[in-house]
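Everything on this sheet refers to the single structure shown next.
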Amino acid sequence: MSVLLKPCPFEGVTSRELVQQIESKNKCKEKLPIWYNYPNIYFPKKIHIEQSSSEATAEYKAKLVSGKSLLDVTGGFGVDSYYFSKNVSKVYHCDLNEELSEITGHNFKIMEIENIEAHATDGLHFIQNSVEHFDWIYIDPSRRDDHKGKVFLLSDCLPNVPENLDAIFNKTKQVLIKTSPLLDFSAGINELQFVKEIHVVSVKNEVKEILWVLEYGYQNDILIKTINLKKTGQESFNFSLKDEKLAFSSLSLPLEYLYEPNSAILKSGAFKSVGNQYSLYKLHEHSHLYTSNSLVEFPGRVFKIEQSLAFNKKGIQKLGLKKANITTRNFPQSVADIRKKFKIKDGGEQYLFFTTDKEGNYVVLQCTKTV
């Protein structure tokens, strides 16, 4: 705000433009460090930064594509196109916003990216008017309607992918679609055609996006791939929808160790497959917590169970904990209610899991995290 009240020190630049550059660049510091640190980058309004992929997720999705050409139908600030250009010989970046397209094209030149063409046009019109057949077409539909409300169906997004799939498949055999984690798997599968893979991508255990890989003519079982990108590497877990539907969970009372799947696995619905693949027992059909007597490497958090006790006021007070990390799974009370009721602050080395066991009893598992 103080910059707005002062004359701009740069000739031909208004104070408002300078504020936009400062605000938008600061938005890039953690999310887009390459753009933040690159000299002479011009930044658009901060909303375009907020709507763009992070470098971490863009780098991941770029590994899914290859070939001679890719069309980015909804290019935006160009983060995905930048990473696609590392694996594809020629990338066509389209965006309806002329100003944003000009900014993105300018930045590609500054960054000396020579295999991306920026076009200020409707990406679907570009498909219809192009004589080229693309190896991949990538689409990130806008997830808001004309009233700026959240939408949950692809047919309500812009562009309307289901409505235009036939035209899209006239120019490619492979389509990659990015959607919000809010989109339900079954809804997406019902609206789309030829779904081959669904990738659930988390960053530091927070689900950021769902990627849909479509291949023209594909009719086999859909493979679900979950990925949790961490500073120290990544956690991966794959399964098929068919196998998950046919699988059964083995139940057990709490044993020596407790396992909580990462957010990508929980979003994917691999509640039976993850237990079966790692030979773990489930505490309850709907608890999505797992247990074993021997320690196994697992894509999520792993704890040593110190004790299991029935959920009641006397038992919780007997623990004597003033501070603990609390999680609830398949439990009627919220974390906030539990903290208030038992006066337990957040933090510390102790972990309390409030859940339901296989016999339908409410239990509290006092745990410590494994290394």
Inset, instruction - Please identify every one of the trypsin sites (Lys or Arg not before Pro) in region 162-210 that sits in a loop by DSSP and has no more than 13 other beta carbons within 10 Å of its own beta carbon. - result: LYS204
Inset, instruction - Would you compute, from DSSP H runs of 4+ residues alone, the mean residue ellipticity of the chain at 222 nm, taking -39500 (n - 2.57) per run and dividing by the full residue count, rounded to the nearest 500? - result: -8000 deg cm²/dmol
Inset, instruction - Please give the helix 98-110 orientation as an angle from the longest Cα principal axis of the chain, in degrees from 0 to 90, rounded to the nearest 10. - result: 90
Inset, instruction - Starting from the Cα of LYS25, draw a straight line to each of the lysines and keep only those under 17 Å, dropping any in the same chain fewer than 8 residues away. - result: LYS45, LYS46
Inset, instruction - Quick one: grab the alpha carbon gyration tensor of region 185-235, order the square roots of its eigenvalues as a ≥ b ≥ c, and give me rounded if a/c is under 1.5, else prolate or oblate depending on whether a/b is larger than b/c. - result: prolate
Legend entry - Whole-Å semi-axes of region 13-151's equivalent ellipsoid (Cα gyration tensor): 24, 18, 15
Legend entry - Radius of gyration and Dmax over the Cα atoms of the chain, both given in Å: 24.3, 74
Legend entry - Fully extended contour minus Cα-Cα distance, from ASN330 to LYS29, at 0.36 nm per residue: 104.6 nm
Legend entry - Stretchable slack from VAL19 to LEU309, in nm (0.36 nm times residue separation minus alpha-carbon distance): 98.8 nm
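Taking a threshold of 20 Å on the Cα-Cα distance, which of the pairs LYS204/LYS245; LYS27/LYS109; LYS314/LYS341; LYS171/LYS208; LYS245/LYS282 fall above it?
From the list (LYS204/LYS245; LYS27/LYS109; LYS314/LYS341; LYS171/LYS208; LYS245/LYS282), the Cα-Cα distance tops 20 Å for LYS204/LYS245; LYS27/LYS109; LYS171/LYS208.
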Legend entry - Under the Debye formula (equal points on every Cα, no solvent term), log10 I(q)/I(0) of region 54-220 at q = 0.14, 0.19 Å⁻¹: -0.69, -1.34
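Longest span of the chain, sites excluded, free of GluC sites (Glu not before Pro) in DSSP loop with at most 10 other C-beta atoms within 10 Å?
My reading of the result: 115-296 is the longest stretch.
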Legend entry - PHE152/LEU96 FRET efficiency (R0 25 Å; Cβ-Cβ; nearest 0.05): 0.60
Legend entry - Efficiency of FRET between HIS286 and SER66 - r from beta-carbon atoms, R0 30 angstrom, step 0.05: 0.15
Inset, instruction - Work out the length of the dipole vector of the chain about its Cα centre, built from +1 on the beta-carbon of each Lys and Arg and -1 on the beta-carbon of each Asp and Glu, and round it to the nearest 20 debye. - result: 2120
Inset, instruction - Calculate, in nm to one decimal, what ASN361 and ALA247 gain on full extension: separation in residues at 0.36 nm each, minus their alpha carbon distance. - result: 38.6 nm
Inset, instruction - Mind pulling the angle between the C-alpha long axis of helix 15-31 and the longest principal axis of the chain? Nearest 10 degrees, somewhere in 0 to 90. - result: 40
Inset, instruction - Any chance you could tell me what percent of the C-alpha pair distances in region 245-369 go past 19 Å? - result: 45
Legend entry - Within region 285-329, backbone nitrogen closer than 17 Å to the virtual label 7 Å beyond the Cα of GLU256 toward Cβ: 290-298, 302-308
Inset, instruction - Round to the nearest 0.05 the FRET efficiency obtained for HIS133 and ARG301 when R0 = 45 Å and r is the Cβ-Cβ distance. - result: 0.45
Inset, instruction - Before anything else, pin down the relative contact order of the chain: Cα pairs under 8 Å, at least 6 apart, normalised by residue count, whole percent. - result: 9
Inset, instruction - Can you work out the PRE-style zone for THR232? Point 7 Å along Cα to Cβ, and I want the residues of region 180-222 with backbone N under 17 Å. - result: 203-206
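No lab work stands behind these numbers, since they all come straight from the coordinates. Please read these numbers as outputs of a predicted model, since none were measured by experiment. All Cβ positions, glycine included, derive from the backbone under ideal geometry; neighbour counts span all protein chains shown.
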